Amino acid sequence: MHTYLFVDGLDVVARSDSRMAGLDPRRLLRPGGPLCPTDMPCNVDVAAQERPEPGPDRLTVRVRLRGETVIWSDLMYPGLDGTVVEEAHFRLEQYLGEVERAYAALKDQLVLPPGEER
């Protein structure tokens, strides 16, 4: 299972490095997980090399919170107009809502062994 990260309709992972695949969404999307922004910037591995075979290469974004804006930086992929996208900005409320929505959808798909609670 892979996480797909879209910014302005573009798949950040595929456009950054086609050898990469997004990491497991249970790792990235969990409450309080690595994509949840804080005032202190942090580097988050979001994808790993998958082709031609699994490898050590990682795709990392820097996630930080500035006021009510979440900023992903250290990006490097071609935008719709062909210019390089180096940073993406998100409204905090909408960003957290999308992370929560994606996590809830993921929880609905998980099959847990008998006797385990969600």
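For this structure, a couple of remarks:
- Summarising the label geometry, the points placed 7 Å from Cα in the beta-carbon direction at MET1 and ARG101 lie 1.9 nm from one another.
- Taking every DSSP helix (H) stretch of at least 4 residues in the chain, weighting each as -39,500 (n - 2.57) and dividing the sum by the residue count yields a mean residue ellipticity at 222 nm of -6500 deg cm²/dmol.
- For the chain, a crude dipole built from +1 on the beta carbon of Lys and Arg and -1 on the beta carbon of Asp and Glu, taken about the Cα centre, is about 180 debye to the nearest 20.
- In a fully extended conformation the segment linking ASP8 and THR69 would gain 20.4 nm over its present Cα-Cα distance, using 0.36 nm per residue.
- The chain: relative contact order in percent, alpha carbon pairs under 8 Å with at least 6 residues between: 20 percent
- Here the Debye sum runs over all C-alpha atoms of the chain as equal scatterers in vacuum, and log10 of I(q)/I(0) at q = 0.16, 0.20 Å⁻¹ comes out as -0.80, -1.18.
- Projecting the Cα positions of ILE71, PRO34, GLY82 onto the charge dipole of the stretch 1-105 (unit charges on Cβ atoms of Lys, Arg, Asp and Glu, taken about the Cα centre) puts PRO34 furthest along the positive direction.
Each value in this text was obtained by applying a stated rule to the coordinates, not by laboratory testing. These figures come from a predicted structure and were not determined experimentally. Cβ: placed from backbone, ideal geometry, glycine included. Neighbour counts: every protein chain shown.
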